[in-house]
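First comes the structure, then the notes that go with it.
The values are calculated or read from the model by the stated rules, or taken from the named source; none is laboratory data. Note that the coordinates shown come from a computational prediction; the quantities given were computed from them, not determined experimentally. Heads up, the Cβs are rebuilt from the backbone with ideal geometry, glycines too, and the neighbour counts pull from every protein chain shown.
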Amino acid sequence: MNLPLNSKIRIRILDYARKTTQLSVYDQYLENQYKYSKEEIELYQKNKFQLIFRHHYENNEIYRKFLKEQRFTNTAFTDIKEIPVITRDYFKNNPDNHMIKSFVHKTKYSGGSTGIPLTVHLSRESISNFWPGIWRAFNVCGVEPCDKIMMLAGPSLYNNRSFKRRIYDLVANFTVVSAFDLTPPVLLNAYNTLINNKIKAIYGYTSAVLVFLNYLEENNLKLNLKGIFTTSETFIPRVRQLARKYCNCDVIDTYGANDGGVSGFECNYHTGYHLNFERCLVEIVDHEIIITDLLNTASPFIRYKVGDFTSGDHIITDKCECGRVLFRIQSIAGRIHDFFPDINGNKIHSEFFNRVFDGDELIKQYQIKYFPDECIVNILCDKGTSLAHFQEKYMPVIGKRVKMPFKIVTNAEILSLSNGKVPIVINGAIS
């Protein structure tokens, strides 16, 4: 690995403070993405799955009890689909004893789309693989670990920044801007900071990145960045259009869930999300993503329903055009909360609207607000754009899929959740 000395020193400081092995793991991650055959990856994951299952079955009394309740007895299984699927309820119902305490290296809290914190206990090996998975995504655009990066962050990334966390940001070379307060003065300051501090990339919530890029467009401001990396929310195609025009760079959407160990990223071909086979085995069952943390000896995230969906129906195992051999999922269609039912009980997913509106440069952002008997499609656009234009263009298309009364409005308030994320689909009855 030909990392700059400055980056190596910073990672070693982080490893020393956290008692992790991120530097050596990242070295392997860069090599692995071009190295193995499909059969070698499948064999590695099969062996790792058997090891992690056996570890928790033999050492975790609560997990054994769960399997017994599910009437699972075949510990000599040959197909992992024989293993019962586990959900967040297992961890919430056993908050104090679902882990093997002697293997807990770090405890984190994941709110996810529900806003209800989930306690996630991670082993040393599992946490050591977390940032290398993200750094491998950064590498697509030539951004190295501990290069200067601006984070546009909500609570899961921002987290009120304690003194200890600020020291971490300093070592990791992060400049953090809260996604809660993206006012024009804050956005202008972020723009100037990017230039003056020679920051190479932006990493943050998709909606927060979009607000920043819209600000650049409105004020005709230009940047030269190596890349923009979006996370945590359903991707909005307009982000990529604006980034190429105003930041002279590509946008790499990323996907991750520390509860389950998955980390995925697009490459410059944008033909799916490359997965971290080293830490996580990913399955797709009826378009739902099921994951297993192969390295977490602390908690049994084994065949775990993380609550995410993909528009694809299988894992892509062919080598990508970029040369990476990492398995891929076609897309992240969103969380279970990105669905809403029409009056016939049909589930409408936000991905439908993504496809309908894709490529329309007049649409800056949109949000679907639904009620039991109506849904409202709110489109943000320039003030001079005619509402009739959107109604004539999209009412017939949407009406073929959405079997309930609906209307299109423009430039109404875009609603956000308490955790700072901006959902594409939101329940109007509780918003």
Residue list for the range 37-59, filter: buried (at least 17 other Cβ atoms within 10 Å of the Cβ) and either at pLDDT below 95 or of a type in the set (Phe, Trp, Tyr) (or both): Phe49, Phe53
Filtered residues of the range 259-276 (kept if assigned to a loop (DSSP other than H, G, I, E, B), touching a helix residue (DSSP H, G or I) at 6+ places or on another chain (Cβ under 9 Å) and either under 19 Å from Phe49 (Cβ atoms) or modelled with pLDDT under 95 (or both)): Asp259, Gly261, Asn276
Of residues in the range 72-121 being among the acidic types (Asp, Glu) and modelled with pLDDT of 85 or more, the one surrounded by the most Cβ atoms within 10 Å (Cβ to Cβ): Glu82
Filtered residues of the range 173-205 (kept if within 26 Å of Asn6 (Cβ to Cβ), aliphatic (A, V, I, L, M) and either free of Cβ contacts under 8 Å to residues at least 60 places away in the same chain or not in a strand (DSSP E or B) (or both)): Val176, Val177, Ala190, Leu194, Ile195, Ile199, Ile202
Residue among Lys393, Lys369, Lys400 that is more than 19 Å from Glu233 (Cα to Cα), of a type in the set (Lys, Arg) and at pLDDT 85 or above: Lys393
Residue check, Ser162 modelled with pLDDT under 95, over 16 Å from the mean Cα position of the chain (by Cα) and surrounded by fewer than 14 Cβ atoms within 10 Å (Cβ to Cβ): yes
Residue check, Asn248 surrounded by fewer than 24 Cβ atoms within 10 Å (Cβ to Cβ), at positive phi and not in a strand (DSSP E or B): yes
Selected residue (criterion: surrounded by the most Cβ atoms within 10 Å (Cβ to Cβ)) from residues of the range 232-245 that are in contact with a strand residue (DSSP E or B) (Cβ under 6 Å, 6 or more places away or on another chain) and modelled with pLDDT of 90 or more: Ala243
Filtered residue count, the range 353-393, keeping only those that are hydroxyl-bearing (Ser, Thr, Tyr) and farther than 17 Å from Phe340 by Cβ: 2
Which numbered condition Leu3 fails, given (1) outside any loop (DSSP other than H, G, I, E, B); (2) of a type in the set (A, V, I, L, M); (3) within 26 Å of Cys320 (Cα to Cα): (1)
Some residue of the range 388-402 being hydroxyl-bearing (Ser, Thr, Tyr) and not in a loop (DSSP other than H, G, I, E, B): yes
Top-ranked residue of the range 208-217 - restricted to ones that are touching a helix residue (DSSP H, G or I) at 6+ places or on another chain (Cβ under 9 Å) and not aromatic (Phe, Trp, Tyr), ranked as surrounded by the most Cβ atoms within 10 Å (Cβ to Cβ): Leu213
Candidate set from the range 336-349 (those that are touching a Pro at 6+ places or on another chain (Cβ under 8 Å) and surrounded by 16 or more Cβ atoms within 10 Å (Cβ to Cβ)); member that is modelled with the highest pLDDT: Ile348
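Quick check on Gly256: is it at pLDDT below 95 and in a loop (DSSP other than H, G, I, E, B)?
It is false that Gly256 is at pLDDT below 95 and in a loop (DSSP other than H, G, I, E, B).
What tally of residues in the range 290-315 results from selecting those that are under 17 Å from the mean Cα position of the chain (by Cα) and of a type in the set (Ser, Thr, Tyr)?
4
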